[in-house]
Every structure is written in structure tokens, then in C-alpha cells.
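For reference, the structure is listed below as C-alpha cells.
Every read-out reported here was derived from the displayed coordinates using simple, explicitly stated rules and does not represent laboratory data. The structure displayed is predicted, hence computed values, not measured ones. Cβ: placed from backbone, ideal geometry, glycine included. Neighbour counts: every protein chain shown.
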Amino acid sequence: MKILIDTHTLLWFLSNDVKLSEKAKKIIENSKNDVFVSIASFWEISIKLSLSKLVLDIPFELLFVESENLGIQILQIKKEHLIYLTKLPFFHKDPFDRIIICQGIIEDTAIISIDEKFDEYKVERIW
């Protein structure tokens, strides 16, 4: 199964936070699944860090290493994602979530997210 994880999902998984559902954790840990995180998630994290809205236990640059060491692949933003973004209805206003939704649709992945607004789009949300 191809999986794209939302920003909070990545942070909760890496920190072993109890807020991450057991179902989500098992899917991410299953080596049979192809797990991706959007580069947009790292962009979102960097902004929240610079605004002091987020504190990490590890240096930001180690998030990339930790993710890849756990088999989580970084999904770059492609022109196809941006083209689809111009057609995406505005049910969700968050720009990072909107690009993640587009990536999920174009790359045909399920998305692991607690955010129920994702359900308004043509994407499978897992939680």
C-alpha cells in the first residue's frame, strides 16, 4: 500500500506520541507499505519552528535523516501536484494540507491524518 503521512503524523510517529493512533502506527511500521512524507511537511515544520510555534527534541535537519532511516521516503512537489492544486475545491484552507491532498490524489496514496477535512476530497484518509 502507498501511504502519505500528514505533518502531525510524522511528528507524532517520530516522537512515539500517544496521540498517533495504533492503526496509523502499524501501517507506517509495516515494511510492505511504501510510506511517504511530503517535502511540504518539512517546510511547514520549518515555518512553525521559526515562529516559535513548535519545539523539537532533535535538530530540524535530523528530521530528514530520522525519516529516511525509518524507511519514510520524501515526496517532492511536482508540477502535476501544483496543476491539480489550481482545481482543488477550497474545503480546506491550510496551504500545506492542500498540497498534501493534491499529492495523495495524483500519486494515488492513502493519507494518514487525524484531519477530518481530508474526507471532503477524493482521497482515502486513514486514522
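Is the stretch 59-74 home to any residue that is loosely packed, with under 13 Cβ neighbours inside 10 Å, more than 23 Å from residue 25 (Cβ to Cβ), more than 13 Å from the chain's Cα centre (by Cα) and not acidic (Asp, Glu)? So far as the stretch 59-74 goes, yes, one or more of its residues are loosely packed, with under 13 Cβ neighbours inside 10 Å, more than 23 Å from residue 25 (Cβ to Cβ), more than 13 Å from the chain's Cα centre (by Cα) and not acidic (Asp, Glu). Within the stretch 27-39, does at least one residue satisfy the condition of being surrounded by 15 or more Cβ atoms within 10 Å (Cβ to Cβ), closer than 13 Å to residue 100 by Cβ and touching a helix residue (DSSP H, G or I) at 6+ places or on another chain (Cβ under 6 Å)? Within the stretch 27-39 (the criterion being surrounded by 15 or more Cβ atoms within 10 Å (Cβ to Cβ), closer than 13 Å to residue 100 by Cβ and touching a helix residue (DSSP H, G or I) at 6+ places or on another chain (Cβ under 6 Å)), the answer is yes, since at least one residue qualifies. Within the stretch 83-106, being part of a helix (DSSP H, G or I) and loosely packed, with under 12 Cβ neighbours inside 10 Å holds for one residue alone: 83. Of the residues making up the stretch 107-124, those that are assigned to a loop (DSSP other than H, G, I, E, B), out of contact with any Leu (no Cβ under 8 Å at 6 or more places or on another chain) and surrounded by 18 or more Cβ atoms within 10 Å (Cβ to Cβ) number 3.
A count restricted to the stretch 55-82 and to residues that are over 28 Å from residue 123 (Cα atoms) and in a loop (DSSP other than H, G, I, E, B) stands at 5. Working only within the stretch 19-53, note down all residues that are under 23 Å from residue 76 (Cα atoms), among the aliphatic types (A, V, I, L, M) and outside any helix (DSSP H, G or I). Hits for the stretch 19-53 are 35, 37. Taken as a whole, the stretch 63-77 holds no residue that is in contact (Cβ under 8 Å) with a residue 60 or more places away in the chain, touching an Asp or Glu at 6+ places or on another chain (Cβ under 9 Å) and either on the phi > 0 side of the Ramachandran plot or not aliphatic (A, V, I, L, M) (or both).
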